[in-house]
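**Q** My questions all concern the structure below.
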Amino acid sequence: MKSVFTEEYEFLLDYLISARKAADITQQELAERLRKPQSFVSKYERRERRLDVVEFVSLAKTIGFDPCDVVREIEARLQHRPKRKGAGK
């Protein structure tokens with residue numbers, strides 16, 4: 001089965017998980033700070049649900065990093081990705 005997640009989205013999720021752990025915040029603590037159920041955090045970390053941009057920004061601010069830094073890194077990764085045949089027609 002083909003994944004619906006791109007390499008860049010996988011990078012984003014890995015970044016979020018690493019940042020949460022580096023901040024020494026459990027899934028439960030993060031969920032409480034976000035006023036969400038613990039399953040919200042668990043499901044995006046296990047790739048069972050996608051995050052929208054508003055959720056991402058809220059997570060970044062709650063964990064304590066600038067969401068723009070991650071977006072710039074993703075943008076840089078996209079610029080270095082080989083172009084697909086037929087793209088841009």
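The values are calculated or read from the model by the stated rules, or taken from the named source; none is laboratory data. This one's a predicted model, so the numbers in the text were calculated from it and none came from an experiment. A quick note on method: Cβ atoms are made from the backbone with ideal geometry, for glycine too, and the neighbour counts reach across all protein chains shown.
**Q** Taking only the stretch 1-47 into account, find how many residues are of a type in the set (S, T, N, Q) and in contact with a Pro (Cβ under 9 Å, 6 or more places away or on another chain). Step through it out loud before you land on a result.
**A** Going residue by residue through the stretch 1-47, those that are of a type in the set (S, T, N, Q) are 3, 6, 18, 26-28, 38-39, 42.
If we keep only those that are in contact with a Pro (Cβ under 9 Å, 6 or more places away or on another chain) as well, we get none.
Within the stretch 1-47, residues that are of a type in the set (S, T, N, Q) and in contact with a Pro (Cβ under 9 Å, 6 or more places away or on another chain) number 0.
**Q** Check the stretch 18-27 and report whether any residue there is out of contact with any strand residue (DSSP E or B) (no Cβ under 9 Å at 6 or more places or on another chain), farther than 23 Å from LEU78 by Cβ, in contact (Cβ under 8 Å) with a residue 40 or more places away in the chain and aliphatic (A, V, I, L, M). Reasoning before the result, please.
**A** First pass over the stretch 18-27, keeping only residues out of contact with any strand residue (DSSP E or B) (no Cβ under 9 Å at 6 or more places or on another chain): 18-27.
From the residues that got through so far, the ones that are farther than 23 Å from LEU78 by Cβ too are 20-27.
Going one step further and asking which of them are in contact (Cβ under 8 Å) with a residue 40 or more places away in the chain, we end up with 20, 23.
Adding the requirement that they be aliphatic (A, V, I, L, M) leaves 23.
Among the residues of the stretch 18-27, at least one is out of contact with any strand residue (DSSP E or B) (no Cβ under 9 Å at 6 or more places or on another chain), farther than 23 Å from LEU78 by Cβ, in contact (Cβ under 8 Å) with a residue 40 or more places away in the chain and aliphatic (A, V, I, L, M), which makes the answer yes.
**Q** Look through the stretch 25-48, keep the residues that are farther than 14 Å from ASP14 by Cα and touching a Phe, Trp or Tyr at 6+ places or on another chain (Cβ under 8 Å), and return whichever of them is surrounded by the most Cβ atoms within 10 Å (Cβ to Cβ).
**A** Among them, the one singled out is ALA31.
**Q** Are there helices (runs of 4 or more DSSP H) fully within the stretch 1-57 with at least 1 residues that are aromatic (Phe, Trp, Tyr) and at pLDDT below 95? List them. Explain how you work it out, then say what you get.
**A** Working: elements: 7-22, 27-34, 38-45.
By residue number, 7-22.
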